[in-house]
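Structure record follows, encoded as structure tokens.
The values are calculated or read from the model by the stated rules, or taken from the named source; none is laboratory data. Computed from a prediction, not measured in an experiment: that's the story for all the values here. Methodologically, a virtual Cβ is constructed for each residue, glycine included, from the backbone with ideal geometry; neighbour enumeration extends over all protein chains shown.
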Amino acid sequence: MPELPEVETVRLGLAPAMEGHVLTDVETRRGDLRLPFPAHFVARTKGRRVTRLWRRAKYLLADLDSGETLVIHLGMSGRMSVFAHGKQRRIGSYVYDKAPDGAGQGKHDHVVFETDAPARIIFNDHRRFGLMALVETAHLEQDKMFAGLGVEPLSNVFDTAHLVKMLGGKKTPIKSALLDQRVVAGLGNIYVCEALFRAGISPKRLAGSVSRDRLKPLVAAIKKVLKDAIAAGGSTLRDHAQATGDPGSFQHHFLVYGREGLPCKGKCPGTVKRIVQAGRSTFYCPKCQS
């Protein structure tokens with residue numbers, strides 16, 4: 001599943017073609033994704049202006065001038081691709097290719113948005129684990145998708161004091177605690193492994209036992225690895241692509257994730273190990289992380 005950097009990368013690529021622009025046409029090519037589309041989805045989105053395009057955790061959010069917010073989750077394999085009308089063109093700081101023949105008519109092209117940028121935005125999802133919903137913007141935070149979500153890790157609210165408060169007394173491993181979306185929103189398996197390695201903290205250490213002095217560099221490591229990944233366009237392991245269609249490249253910079261049995265990239269002569277925690281693979285260096 002795309003994690004925060006992948007979703008943020010998609011948002012950045014969509015923004016020039018979507019934010020501030022009118023959805024001049026909307027087409028759904030099936031009745032559902034993971035869930036059915038909202039009633040009158042096309043009528044409620046077509047002709048609306050996107051006043052703000054933002055991200056909350058792993059969700060893309062497009063505030064509409066109707067007072068509703070279009071909520072998009074990419075699921076396991078969802079992609080949103082932007083194509084320019086007529087010819088390749090620059091929109092904002094991005095260069096978008098001309099839409100190829102049949103763009104939007106593929107077997108897994110489930111939603112097509114036309115905007116007055118002008119651009120065509122195609123939502124493709126071959127596994128159909130993604131979703132699109134419409135929620136009243138004023139009540140967004142109370143919606144079941146967002147109620148209880150933790151703070152954003154790239155915000156100023158996410159700091160050492162926050163982690164001390166949220167992890168105090170927890171007897172679950174620090175790795176599992178950081179994946180809890182109530183503790184911090186948007187973190188996933190890849191970037192938690194990478195951040196723990198950068199901070200030198202064992203993923204097996206109980207969350208409540210990590211001292212304030214060790215949580216401070218962990219906060220910094222989380223912010224840094226997320227920013228590095230966003231700058232690299234995210235990590236493409238299977239399905240992720242940027243809105244321009246380009247793959248991400250952060251996978252080439254992993255220090256531990258997916259590197260079982262390979263030499264540690266830290267300062268020790270050890271090798272990267274893999275264990276399973278709560279059904280998820282965890283990669284770490286037993287010598288560098290304690």
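Quick notes on this one:
- Identity of the residue in segment 52-66, over 13 Å from the mean Cα position of the chain (by Cα) and among the charged types (D, E, K, R), that ends up farthest from THR236 (Cα to Cα): ASP65
- Matching residues, segment 114-131, being touching a strand residue (DSSP E or B) at 6+ places or on another chain (Cβ under 7 Å) and either within 21 Å of GLY188 (Cα to Cα) or free of Cβ contacts under 8 Å to residues at least 24 places away in the same chain (or both): ASP125, GLY130, LEU131
- Single match in GLU27, GLU68, GLU3 (criterion: closer than 28 Å to ARG280 by Cβ, touching a helix residue (DSSP H, G or I) at 6+ places or on another chain (Cβ under 8 Å), at pLDDT 95 or above and of a type in the set (D, E, K, R)): GLU3
- Flag for ARG89 being over 19 Å from THR9 (Cβ atoms) and either in the same structural domain as GLY245 (by TED's automatic domain parsing) or in contact with a Gly (Cβ under 7 Å, 6 or more places away or on another chain) (or both): no
- Qualifying residue in segment 122-133 (condition: over 22 Å from GLY67 (Cα atoms), aliphatic (A, V, I, L, M) and modelled with pLDDT of 95 or more): yes
Here's the yes/no breakdown for (1) surrounded by 20 or more Cβ atoms within 10 Å (Cβ to Cβ); (2) on the phi < 0 side of the Ramachandran plot; (3) within 19 Å of the chain's Cα centre (by Cα); (4) at pLDDT 95 or above:
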| position | (1), (2), (3), (4) |
| --- | --- |
| SER211 | no, yes, no, yes |
| LYS223 | no, yes, yes, yes |
| ASP228 | no, yes, yes, yes |
| LEU237 | no, yes, yes, no |
| PHE250 | yes, yes, yes, yes |
| GLY279 | no, no, no, no |
| THR282 | yes, yes, no, yes |
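Table: residues versus (1) touching a strand residue (DSSP E or B) at 6+ places or on another chain (Cβ under 8 Å); (2) surrounded by 22 or more Cβ atoms within 10 Å (Cβ to Cβ).
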{"position": "ALA17", "(1), (2)": "yes, yes"}
{"position": "ARG29", "(1), (2)": "yes, no"}
{"position": "PHE41", "(1), (2)": "yes, no"}
{"position": "ARG44", "(1), (2)": "yes, no"}
{"position": "ASP63", "(1), (2)": "yes, no"}
{"position": "SER77", "(1), (2)": "no, no"}
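- Test: residue in segment 8-28 that is hydroxyl-bearing (Ser, Thr, Tyr) and within 27 Å of GLY186 (Cα to Cα): yes
- Condition check for ILE174: surrounded by 22 or more Cβ atoms within 10 Å (Cβ to Cβ), touching a strand residue (DSSP E or B) at 6+ places or on another chain (Cβ under 8 Å), among the aliphatic types (A, V, I, L, M) and over 30 Å from LEU14 (Cα atoms): yes
- For segment 233-290, a residue qualifies if it is small (Gly, Ala, Ser) and either under 24 Å from ALA15 (Cα atoms) or touching a residue at least 60 places away in the same chain (Cβ under 8 Å) (or both), and the qualifying residues are GLY233, GLY234, SER235, ALA241, ALA243, GLY245, GLY248, SER249, GLY266, ALA278, SER281, SER290.
- Residue check for ARG205: closer than 23 Å to VAL276 by Cβ and in contact with a Ser or Thr (Cβ under 8 Å, 6 or more places away or on another chain): yes
Conditions (1) free of Cβ contacts under 8 Å to residues at least 60 places away in the same chain; (2) over 20 Å from the mean Cα position of the chain (by Cα); (3) over 24 Å from ALA84 (Cα atoms), marked per residue:
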position: ASP25; (1), (2), (3): no, yes, no
position: THR28; (1), (2), (3): no, yes, no
position: LEU33; (1), (2), (3): no, no, yes
position: PHE37; (1), (2), (3): no, yes, yes
position: GLU68; (1), (2), (3): no, yes, yes
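- Residue that is farthest from ARG89 (Cα to Cα) [pool: residues in segment 99-147 that are assigned to a strand (DSSP E or B), of a type in the set (D, E, K, R) and over 21 Å from the mean Cα position of the chain (by Cα)]: GLU136
- Scope segment 236-290; condition small (Gly, Ala, Ser), out of contact with any Cys (no Cβ under 7 Å at 6 or more places or on another chain) and assigned to a loop (DSSP other than H, G, I, E, B); matching residues: ALA241, ALA243, GLY245, GLY248, SER249, GLY258, GLY261, ALA278, GLY279, SER290
- Qualifying residue in segment 77-84 (condition: part of a loop (DSSP other than H, G, I, E, B) and within 30 Å of LEU178 (Cα to Cα)): yes
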